[in-house]
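Novice: I have a structure here, written as structure tokens, and I will follow up with some questions on it.
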Amino acid sequence: MIEIAVVRNNAPEVVEKLKVKNFDASGIIERLQQVDAERRQTQKELDDMLSEGKTLAKDIGRLFKEGKGEEASELKERTSVIKQKTKVLQEQLNNLSREQNDLMVQLPNLPHESVPAGNTVEDNIIVSSHGSLPQLHDAALSHWDLAKKYQLIDFEWGNKITGAGFPVYKGFGARLQRALIAFFLDEAIEAGYTEYQPPVLVNEDSAFATGQLPDKDGQMYHIPLDNLYLIPTAEVPVTNFFRDTILNEEDLPVKSTAYSLCFRREAGSYGKDVRGLNRLHQFDKVEIVQVTHPEKSYQALEEMVEHVSMLLKKLELPFRVARLCGGDMSFAAALTYDMEVYSAAQKRWLEVSSISNFETFQSNRMKLRFRNKQGKNELAHTLNGSALALPRILAALLENNQTEKGINIPKVLQPYFRTAMIQ
RNA sequence: GGAGAGGUGGCCGAGUGGUCUAAGGCGCACGCCUGGAAAGCGUGUAUACGUCAAAAGCGUAUCAAGGGUUCGAAUCCCUUUCUCUCCGCCA
């Protein structure tokens, strides 16, 4: 969530900026200002009352010790009044704090000044394009047909044992997945990220901290018996490593990478968008996460875009980079770049990575701070990006590299894949 | 799943109703001492909210979390949670 001080000091600016995200914050902000002022007033009154009670309790204790029981009893009468009042004030304060918090979590993150206004993908800005679009022969197949032809993926088996959106990879398909994961992790490690294998189930606190709760409740698989959530991305566990943590300034940036399974309910999706590997309930992804100094976060964002670009170039896939417009951005992001590869048989751009700077939005929720040079604690910035999501990379690789003889494997994957062509 | 023992500052660890404003130790920082270092000595060393233009200072809360008893709770009671040990199950 954004910081209360920002609301307190720049309310009109907050409302203005959130318009870029198509969010009308005026009502919430107005109420917040009232609640914040009342809360502070109440806290002051309560603190004073508690202070008086504390002093009295000490006096009473002292008097008892000195054997002046009668004087002590007189003081006791005053304490009952104080008790009554503190109880009422405490309750008021709790209510106000709760209301303030409820309002705060409804506010999306403020967009960076470079975020274009707009509602849909049409309003996203294509920042750059790389590589040339492959020309396929007339008999070119979609990746789901190729998967069948070469026995790479069995969608039917997945359907049978679980349901739609849970494919079974087999043979060269499974091996290609394994090769990609190893390649992505090795590249991330090379770029200075530390590798982790996180849990794929997280608790409520973790899901809240990175912003999945309460905003995207229905998008995650939930296990009620233990109140745990299946992660939609490794961002959730990895960023939460640093929940309630105060880092040293010299430890920044903290760069982490993790391969994990990801689970998304994708409620309401249907049609050709979800055909084949285009949209799954369970998929594989290597994620990169950074915790940075606030002054370095946009530099880190560029670096992450560069990293993912490098991966796509090495995989010889044509891709483009889009800066998302306000309406297309997530609740928690301040600035997001999407990376899209061209899938030649489908003739579509597929989103394979989303790289975002959350500034202090997540760190404020999870109390992730660092001790700055002045010795004060300051919220760090968090960022993350896919590097990369497997299924659509797989789709593009299969479609773009198909020939009459078989499917070519990019050079960079061959050491991992141990074969140059799927036949 | 059953039984038992626990959760105290960055860490170890004392503390069973009233200067707990949490002993002591370790670590860390600064200073003294030293040719330099070590040892020694001294000082300091949490987080949040509030107050203040800000800092300092001050107030309040925090001894796993929440509630209760009491004039007063780290300490007593209840609930929850987590960790450890043993048993059971188990890759």
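Novice: Provide the gained length on full extension for the span A:D215 to A:R371, in nm with one decimal, where the gain is 0.36 nm per separating residue minus the Cα-Cα distance.
Specialist: Difference between extended and current length: 53.1 nm.
Novice: Before rounding to the nearest 500, sum -39500 (n - 2.57) across all DSSP H runs of length at least 4 in chain A and divide by the residue total; then give [θ] at 222 nm in deg cm²/dmol.
Specialist: Mean residue ellipticity at 222 nm (helix-derived): -13000 deg cm²/dmol.
Novice: OK, next. Sorted by accessible area (1.4 Å probe), largest first, how do A:E404, A:E3, A:E399 line up?
Specialist: Per-residue accessible area, sorted high to low, gives A:E404, A:E3, A:E399.
Novice: Okay, moving on. Full extension from A:D24 to A:S129: what is 0.36 nm times the residue separation minus their Cα-Cα distance, to one decimal in nm?
Specialist: Length gained between A:D24 and A:S129: 34.4 nm.
Novice: Compute the Kirkwood hydrodynamic radius of chain A, taking the inverse of the mean of 1/r over all pairs of distinct Cα atoms, and give it in Å to one decimal.
Specialist: 24.4 Å
Novice: Sticking with this one: What are the semi-axes of the equivalent ellipsoid of the range A:301-398, taken as the square roots of 5 times the eigenvalues of the Cα gyration tensor, listed largest first and rounded to whole Å?
Specialist: Equivalent ellipsoid semi-axes, largest first: 32, 14, 10 Å.
Novice: Same structure again: Let's see if you can work this out: charge +1 on each Lys and Arg Cβ, -1 on each Asp and Glu Cβ, no other charges. What is the dipole magnitude of the range A:4-104 about its Cα centre, in debye to the nearest 20?
Specialist: 260 debye
Novice: Which cross-chain or sequence-distant (5 or more) residues have an amide H under 5 Å from the amide H of A:D154, H modelled 1.01 Å from N in plane?
Specialist: For A:D154, the qualifying residues are A:V168, A:Y169, A:K170.
Novice: PRE reach from A:A174 (point 7 Å along Cα→Cβ): which of the range A:273-309 fall under 16 Å by backbone N?
Specialist: A:284
Novice: For A:K68, A:K313, A:K411, A:K21, write out the residues from largest to smallest accessible area, computed with a 1.4 angstrom probe and no ligands counted.
Specialist: A:K411, A:K313, A:K68, A:K21
Novice: For A:W144, what accessible surface area do you get with a 1.4 Å probe? Give it in Å², rounded to 10.
Specialist: The accessible area comes out at roughly 50 Å².
Novice: With each pseudo-label sitting 7 Å past Cα toward Cβ, what's the A:V412-A:K347 distance in nm, one decimal?
Specialist: 2.9 nm
Novice: Could you give the length gained by full extension between A:K76 and A:I223, i.e. 0.36 nm per residue of separation minus their alpha carbon distance, to one decimal place?
Specialist: Between A:K76 and A:I223, full extension yields 47.8 nm more.
Novice: Once ligands and nucleic acids are excluded and a 1.4 Å probe is used, how much of A:H222 is accessible, expressed in Å² to the nearest 10?
Specialist: Surface accessible to solvent at A:H222 totals approximately 80 Å².
Novice: Between the range A:296-343 and the range A:11-36, what is the C-alpha centre distance in whole Å?
Specialist: The range A:296-343 and the range A:11-36 have Cα centres separated by 29 Å.
Novice: Restricting to Cα pairs below 8 Å that are 6+ residues apart, what does the relative contact order work out to for chain A? Please round to a whole percent.
Specialist: After rounding, I find 19 percent.
Novice: Let me ask something additional. Say R0 is 30 Å: what FRET efficiency, to the nearest 0.05, do A:L50 and A:E16 get from their beta-carbon distance?
Specialist: Step by step, r from the Cβ atoms, then E = 0.15.
Novice: Could you work out what % of the accessible surface of chain A is carbon and sulfur, using a 1.4 angstrom probe and leaving DNA, RNA and ligands out of the count?
Specialist: 49 percent
Novice: Around A:N377, with a cut-off of 9 angstrom between Cβ atoms, what is the net charge of the other residues, counting Lys and Arg +1 and Asp and Glu -1?
Specialist: My count for the surroundings of A:N377 gives +2.
Novice: Let me ask something else. Which helices pass in chain A if a helix is a full DSSP H run, must span at least 24 angstrom along its long axis by Cα, and must have mean Kyte-Doolittle hydropathy not below 0.5?
Specialist: Length and hydropathy pass: A:172-190.
Novice: Next up: Viscosity 1.306 mPa s, temperature 10 °C: Stokes-Einstein D of the range A:65-162 from its Kirkwood Cα radius, in µm² per second?
Specialist: Diffusion coefficient, whole number: 69 µm²/s.
Novice: Can you list the residues, at least 5 places off or on another chain, whose amide H is less than 5 Å from the amide H of A:G276, using H built in the peptide plane?
Specialist: Under 5 Å from the amide H of A:G276 lies no amide H from a residue far enough along the sequence or on another chain.
Novice: Next question, about the same structure. Would you mind classifying the range A:187-332 by shape? Square roots of the alpha carbon gyration tensor eigenvalues, ordered a ≥ b ≥ c; an a/c under 1.5 is rounded, otherwise it is prolate if a/b is larger than b/c and oblate if not.
Specialist: oblate
Novice: Pop the C-beta distance of A:E404 and A:L201 into the FRET formula with R0 = 51 Å and round what comes out to the nearest 0.05.
Specialist: 0.65
Novice: Moving on. Search the structure for amide H atoms under 5 Å from the amide H of A:M421, placed 1.01 Å from N in the peptide plane, and list their residues when 5 or more places away or on another chain.
Specialist: A:I409
The values are calculated or read from the model by the stated rules, or taken from the named source; none is laboratory data. As the structure is a prediction and not an experimental result, all values here were calculated from the model. Cβ coordinates were reconstructed from backbone atoms using ideal geometry, including for glycine residues, and neighbour counts include every protein chain displayed. For accessibility, only protein heavy atoms count, side chains too; no ligands or nucleic acids. Shrake-Rupley method; radii C 1.70, N 1.55, O 1.52, S 1.80 Å.
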